[in-house]
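Following: one structure in structure tokens, then a few remarks.
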Amino acid sequence: MYPLFRLAKVTWQAKKQSSLSIADKSTTEFYCHPWDLDIFNELNNGRVLTLYDLGRTNLGIRCGLMKVLARNKWALVVAGSSVRYRKRVHLLNKITMHTQCVGFDDKWLYVEQSMWVKGEPSSSVLIRAGITSKQGIVSPVTALEAMGQPNPFTELPMWVKEWVDSEQHRPWPPLCGDREAETAQQSV
């Protein structure tokens with residue numbers, strides 16, 4: 001089940017915190033609860049991604065993006081992610097999460113997030129997120145204009161560009177699924 005109480009808490013806290021620009025770093029704190037654990041008594045990798053959702057919610061509220069989404073009947077979608085897990089998170093560990101938009105291209109926002117426990121990084125994620133409307137993808141420039149914010153970015157960091165490039169070489173549809181799709185992909 002989605003952590004609705006955590007979502008309510010993040011929303012309430014974000015509304016009380018100072019405003020940010022979309023390029024600023026937001027910080028959110030959580031504790032690892034028993035229902036967050038996997039069979040090895042550590043933070044479940046699926047829950048990690050859900051907590052990262054909440055960190056993006058904090059930034060979205062504080063920079064004004066969530067108001068613009070509601071006003072225009074737009075939504076956010078995750079279109080890709082790359083996660084690194086480096087340190088286990090155990091029961092009752094306090095997690096400090098940092099979330100920051102690192103840039104955008106013509107379609108996607110790129111958000112870098114990290115979780116820290118006892119001053120050491122435990123995981124990080126790079127998210128490709130899109131803003132959607134009934135007409136399709138809304139350009140990040142249009143969203144920034146609707147937010148009344150200038151463009152704080154010049155170009156994407158090299159490591160983000162390299163990830164974007166590597167994603168262009170990944171087959172779609174996935175090769176490990178349906179045999180007919182695999183055959184169609186191989187014949188192209």
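Laboratory data are not the source of any read-out in this text; all were calculated from the coordinates shown. Note that the structure is a prediction, hence the values are computed from the model and not measured. For neighbour counting, all protein chains shown are included, and Cβ atoms are generated from backbone atoms with ideal geometry for every residue, glycine included.
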### Task
First check a/c for the chain, with a ≥ b ≥ c the square roots of the eigenvalues of its C-alpha gyration tensor; if it is under 1.5, answer rounded, and if not, answer prolate when a/b is larger than b/c or oblate otherwise.
oblate
### Task
Return the calculated 222 nm mean residue ellipticity for the chain, to the nearest 500 deg cm²/dmol, obtained by summing -39500 (n - 2.57) across DSSP H runs with n ≥ 4 and dividing by the residue count.
-11000 deg cm²/dmol
### Message
With the crude spin-label approximation of a point 7 Å out along Cα→Cβ, what separation in nm comes out for Ala23 versus Glu120?
### Response
3.4
### Query
Using a basic spin-label model with each label point 7 Å from the Cα along Cα→Cβ, how many nm lie between Lys67 and Gln13?
2.2
### Query
Which FRET efficiency value, to the nearest 0.05, do you get for Glu145 and Phe5 by plugging their Cβ-Cβ distance into 1/(1 + (r/R0)^6) with R0 = 30 Å?
0.30
### Message
To make sure I understand, if each residue's beta carbon is the centre and we count other beta carbons within 10 Å, what order do Met1, Met158 fall in, fewest to most?
### Response
Met1, Met158
### Message
Can you tell me which aspartates and glutamates have their Cα less than 16 Å from the Cα of Lys67? Leave out same-chain residues fewer than eight positions away.
### Response
Glu145
### Message
Using the basic label-point model (7 angstrom from Cα toward the beta carbon), what is the Lys94 to Leu175 distance in nanometres?
### Response
4.7
